[in-house]
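Q: One structure follows; several queries about it will come next.
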Amino acid sequence: MKIISLNVGRPRLVLQGDRQVSTGIFKSPVAGPVMLHTLNFDGDRQADLNAHGGVNKALYAYPSEHYPFWRQELGGMELTWGNFGENLTTEGLLETQACIGDQYRIGGAVVRVSQPRIPCYKLGIRIGREDMPKRFLASGRSGIYFAVAEEGFVEAGDAIELVKRDEHAISVADVNRAYVHSRESSDLLRRIIDAEILPPWLQKDLEKRLATVEA
């Protein structure tokens, strides 16, 4: 497992219809080592801190393996590393492998898997399709959010090494399935909730989904 590209970007104003919105989803590859702090990389920021960023969303990784799927789904659209707003474009680390709570060493930093990405409308702005958030969620190709356990320098080409596996063995793909297909995955949904391994907002969201399923 390794980093294919390290991408950062600061918020910019873009047009959505007739209004301006600020977004940090536009990331570009950078060369050389970059310091990863508790909340983000040097040179990287989020625009809406109520919905993005924070300790559980300090680092967002997206598998390079998903890019061919999206190129086909989006009619041959040209996509370059960072197009999904990821800080790290990775090779060899998929949602089916990464479990909530797992710890990985990446360069000089240690990070912990915290949650999948639940997309907002700004992904639609970045890709140029209003239906993109819905399609992204349904695909199960969410990418992986990490919290930072140890700060350190990271750069493209660094290996991604598993250093600790969480005892619950609940993958990011499991959470995606329980979130999107709650009614068909009630047992899995209950197992995830009982483990109490997700950030509070997502834990509460899944509890509401389970209550609706069981009503």
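Any read-out appearing in this document is the output of simple, stated calculations on the displayed coordinates, not a laboratory observation. Not measured: the values here are computed from a predicted model. Using ideal geometry, Cβ is built from the backbone for each residue, glycine included, and neighbour counts are taken over all protein chains shown.
Q: Would you calculate the convex hull of the Cα atoms in the chain and tell me its volume per residue in Å³?
A: 118
Q: While we're looking at this one, here's another question. Residue separation times 0.36 nm, minus the C-alpha to C-alpha distance between Ala51 and Ala169: what's the value?
A: Computed gain between Ala51 and Ala169 is 39.8 nm.
Q: Let me ask something else about it. Hey, fewest Cβ within 10 Å first, where do Tyr179, Tyr60 land in order?
A: Fewest-to-most Cβ neighbours within 10 Å comes out as Tyr179, Tyr60.
Q: Over the alpha-carbon set of the stretch 158-200, divide Rg by the Kirkwood Rh and report the Rg/Rh ratio to two decimals.
A: On the way: Rg = 12.4 Å, Rh = 11.6 Å.
My calculation of the ratio gives 1.07.
Q: I want the local charge near His37. Using Cβ-Cβ distances under 12 Å, sum +1 for each Lys or Arg and -1 for each Asp or Glu among the other residues.
A: With Lys, Arg at +1 and Asp, Glu at -1, the net is -3.
Q: Structure shown: which of Lys57/Lys134; Lys2/Lys27; Lys2/Lys134; Lys27/Lys57; Lys134/Lys164 lie over 27 Å apart, alpha-carbon to alpha-carbon?
A: On the way: Lys57/Lys134 20 Å; Lys2/Lys27 19 Å; Lys2/Lys134 29 Å; Lys27/Lys57 15 Å; Lys134/Lys164 33 Å.
Flagged as over cut-off: Lys2/Lys134; Lys134/Lys164.
Q: Relative to the present Cα-Cα distance, how much length would full extension add between Asp205 and Phe69 at 0.36 nm per residue of separation?
A: 46.1 nm
Q: Then there's this: What are the residues whose amide H is under 5 Å from the amide H of Thr90, where those residues sit 5 or more places off or on another chain and H is modelled from the backbone?
A: The list, which skips near neighbours in sequence, is Ile4, Tyr62, Ser64.
Q: Along its principal axes, what span do the Cα atoms of the stretch 39-99 show, with the longest given first and each in whole Å?
A: Projected onto the principal axes, the Cα atoms of the stretch 39-99 cover 33, 26, 20 Å.
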